[in-house]
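Heads up, the thing below is written out as structure tokens.
The values are calculated or read from the model by the stated rules, or taken from the named source; none is laboratory data. Computed from a predicted structure; not experimentally measured. Here the Cβ positions follow ideal geometry from the backbone for every residue, glycine too, while neighbour counts run over all protein chains shown. Heavy atoms of the whole protein, side chains included, go into the accessibility calculation; ligands, DNA and RNA do not. Shrake-Rupley method; radii C 1.70, N 1.55, O 1.52, S 1.80 Å.
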Amino acid sequence: MTQDRATRQEQASPLEQLREVNRRLEQQIAELRSVNAELVRANAVKTRFLTQMSHEVRAPLHTIQGYAELLGDESYGVLSDEQRRFVKHVSEAGRLLTELLSDVMDLAKIEAGKIELDVQPMNVNRAAEQAARIVQGVARNGSVAIRIETDEQEPVALADERRVKQVLVNLLSNAIRYSPEGSSVDVHVSGEGEWIKVCVRDEGIGIAPEDQERIFEEFVRAGPDRDDPERTGLGLPLSRELVKLHGGEMNVDSAPGKGSTFWFTLPVATPPEEAEARSEGAMKAAERLVRSE
Ligand code: ADP
């Protein structure tokens, strides 16, 4: 019987053989489609779970932090040194957990395509200055200096200012964390044609070549923080995703012991005069067309 079929196949014309190959291909495509649909569904379930879980955990977490703050203020009685230390640990753990939840929720929203950007023309120099002020408070009592070199032309990007500051705060906090005392972190903003490039350069420990791409993956920590439970490894993947949502890109140039330069690009907002000149040009071209008809 089986031999019969084999003989029949051998005898099949090239056209029939082609049909048979085509039929098998179509079958495989249909199987792939169904696996893909299943994956999309599973991913949507994961995203929904993450978002809901983060929401649920937030409320009790706020309560814990609120009470820890009340205790820490000593409004309800003076604490011993040991009690004060414990309350500080509770507050610190609460803060880390809040940050983690917020990053997880942002990433889940991006994955689900549900993040909304408030895109407007924004002054990148000013955002860099504001981000620097935010992290300066934690810059190891000011032992790492942040210097901002801005483009004289005040580059204006078309971007969501809050999200750009979030990216800058992330990069600056990392730069400070991995820098030696007394060193400096430089932020450089420059216009490059259709793009604005922002570089955050440090003189810190640098990153091994094999880690330079991995660190943009979720939950990956490297270097001395590889096993630090206080680090989440979400800052860079989230920052890169936020930049990508604007159409830009983010990467790092680094060498161990020689510091790192994290950079990202944002689309430039067309200056009003240029936009006006462009539309005037278009009007003139249209007039010429009408006249020549
Ligand atoms: P986290 O939020 O835990 O800091 P990130 O995603 O921001 O995670 O960073 C991931 C890893 O990238 C860090 O664990 C660290 O090894 C490395 N890294 C990030 N920024 C720098 C830097 N400026 N210098 C050296 N290593 C860095």
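Just a yes or no: is a residue in segment 69-79 part of a helix (DSSP H, G or I), at pLDDT 90 or above and touching a helix residue (DSSP H, G or I) at 6+ places or on another chain (Cβ under 6 Å)? Yes - at least one qualifying residue is present in segment 69-79.
Of the residues making up segment 166-184, those that are open to solvent by 50 Å² or more (accessible area, probe 1.4 Å) and either under 17 Å from Ile134 (Cβ atoms) or in contact with a Phe, Trp or Tyr (Cβ under 6 Å, 6 or more places away or on another chain) (or both) number 1.
Here is a list: Val119, Val124. Which entry is open to solvent by less than 60 Å² (accessible area, probe 1.4 Å) and either more than 15 Å from the ligand (Cβ to nearest atom) or closer than 20 Å to Lys244 by Cα (or both)? Among Val119, Val124, only Val124 is open to solvent by less than 60 Å² (accessible area, probe 1.4 Å) and either more than 15 Å from the ligand (Cβ to nearest atom) or closer than 20 Å to Lys244 by Cα (or both). When the criteria are applied in full, Gln130 fails the requirement of being away from the ligand (no atom under 15 Å from the Cβ) and part of a loop (DSSP other than H, G, I, E, B). For Ser239, the test of being near the ligand (Cβ under 10 Å from one of its atoms), touching a residue at least 24 places away in the same chain (Cβ under 8 Å) and open to solvent by less than 20 Å² (accessible area, probe 1.4 Å) is passed. May I ask you to list pairs of residues, at least six apart or on different chains, whose Cβ atoms are under 6 Å apart, with the first in segment 216-227 being at negative phi and outside any loop (DSSP other than H, G, I, E, B) and the second being more than 8 Å from the ligand (Cβ to nearest atom) and at pLDDT 80 or above? Short answer, once both residue conditions are applied: Phe216/Arg240.
Of all the listed residues (Ala37, Ala44), the sole one being touching a residue at least 60 places away in the same chain (Cβ under 8 Å), open to solvent by less than 100 Å² (accessible area, probe 1.4 Å) and either part of a helix (DSSP H, G or I) or of a type outside the set (A, V, I, L, M) (or both) is Ala44.
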